[in-house]
1. Of all the residues that make up the range 109-144, how many are of a type in the set (Asp, Glu), in a strand (DSSP E or B) and within 14 Å of the chain's Cα centre (by Cα)?
2. Find the residue count for the range 66-94, including only residues that are of a type in the set (S, T, N, Q) and closer than 18 Å to residue 219 by Cβ.
3. Only one of 207, 230 is of a type in the set (A, V, I, L, M, F, W, C) and more than 18 Å from residue 108 (Cβ to Cβ). Can you tell me which?
4. Report every pair of residues separated by at least 6 positions or lying on different chains whose Cβ atoms are under 7 Å apart, first residue within the range 98-113 and closer than 12 Å to residue 81 by Cα, second among the β-branched types (Val, Ile, Thr).
5. Does residue 149 satisfy being closer than 28 Å to residue 284 by Cα and surrounded by 16 or more Cβ atoms within 10 Å (Cβ to Cβ)?
6. Could you please give the count of residues in the range 225-261 that are out of contact with any Lys or Arg (no Cβ under 6 Å at 6 or more places or on another chain) and not in a helix (DSSP H, G or I)?
7. Could you look through the range 262-280, keep only residues that are buried (at least 17 other Cβ atoms within 10 Å of the Cβ) and part of a strand (DSSP E or B), and pick out the one that is modelled with the highest pLDDT?
Amino acid sequence: MKPTLLVLAAGMGSRYGGVKQIDKFGPNGECLMDYSLYDAVKAGFGKIVFIVREEIEQDVRDLFDKNLKPHVEVEYAIQRLEEPSDIIPTGIERGKPWGTGHAVLAAADKINEPFAVINADDYYGPEAYQILAKYLSGDLKEGDYSMVGYILSNTLSDYGSVSRGCCQVENGFLTEVIERTKIERNGTGIKYDDKSGKGVLPESTVVSMNFWGFTPDVFDRFKTRFAEFVKENASDPKSEFFIPLPVQEMIEEKSARVKVFETNSTWFGVTYTEDKEFVSNSLKKLIADGVYPEKLWN
């Protein structure tokens, strides 16, 4: 059975100032997501599931259905602030989604096979899709998870701070992943400043860029942990249930193991408006180098 690709495309884009998931970056008006989807189809993923906000669902369908449906199955799921309704109490005032782990839960009734998760506004490179497509097509047991790890120094923005899942890896498996926020380079190195405190991160730190591989048992596991998260954080409108949070808990409980595929592949993403020119120029270079055709889906 071919694996599925789950695309997290419901973010608000508050720092970008627009719907960056469907903004145009390629020479013929391609979104950054177009290149991810192209790589996924070539790597052998058999289905694409988009997690979107209700107000952009039709725009996403209009952009991608015509190019994808001749090649793969396509489905959509809505990330709603009030769902799962058996977990989230009524009357909570919240203006932003509950985070990437919550977004994954929105696809629970769409996926019954091993799947990968990506951000819609990140470029991961063809090799990453090839690696996870091959791994997810293998003989996996429940709790056999995976991720593609990138080098921190290759994933920063020149225009402001970012959040990253900072990883410890031993013998090819993840032993710890901690979500760090407000990471940025200054004159003396790479620093972070978040709820846990302040610190310095080595340039070579392996980080998760939200390119995960899961078996479908993860939905029940995430839901259980999300219920606990909501009980503790319902009154905080800025709290987010990031994917690394439940993954770290499962690693500590030894109920899951995460194979890490480290890569030096090119990564770039869109966080700030100022990132747009760099992303567009990076895509032009990849086309000039023959990684992609100029007209992507022809």
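1. Here the count works out to 1.
2. Of all residues in the range 66-94, those of a type in the set (S, T, N, Q) come to 67, 79, 85, 90.
Subsequent filtering for residues that are closer than 18 Å to residue 219 by Cβ retains 79, 85.
Matching residues across the range 66-94 total 2.
3. Testing whether each residue is of a type in the set (A, V, I, L, M, F, W, C) and more than 18 Å from residue 108 (Cβ to Cβ) leaves just 207.
4. Here the result reads 103/51; 106/51; 106/78, each pair linking the range 98-113 to a residue that is among the β-branched types (Val, Ile, Thr).
5. Yes; evaluated as a whole, the condition is true for this residue.
6. Going through the range 225-261 one residue at a time, the tally reaches 17.
7. So the residue we want is 268.
Here is a yes/no grid of residues against (1) of a type outside the set (Lys, Arg); (2) surrounded by 14 or more Cβ atoms within 10 Å (Cβ to Cβ); (3) over 26 Å from residue 1 (Cα atoms):
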{"position": "69", "(1), (2), (3)": "no, no, no"}
{"position": "74", "(1), (2), (3)": "yes, yes, no"}
{"position": "79", "(1), (2), (3)": "yes, yes, yes"}
{"position": "94", "(1), (2), (3)": "no, yes, yes"}
{"position": "97", "(1), (2), (3)": "yes, yes, yes"}
{"position": "103", "(1), (2), (3)": "yes, yes, no"}
{"position": "107", "(1), (2), (3)": "yes, yes, no"}
{"position": "110", "(1), (2), (3)": "no, yes, no"}
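The values are calculated or read from the model by the stated rules, or taken from the named source; none is laboratory data. What you see is a predicted model, and the numbers here were worked out from it, not measured in a lab. A quick note on method: Cβ atoms are made from the backbone with ideal geometry, for glycine too, and the neighbour counts reach across all protein chains shown.
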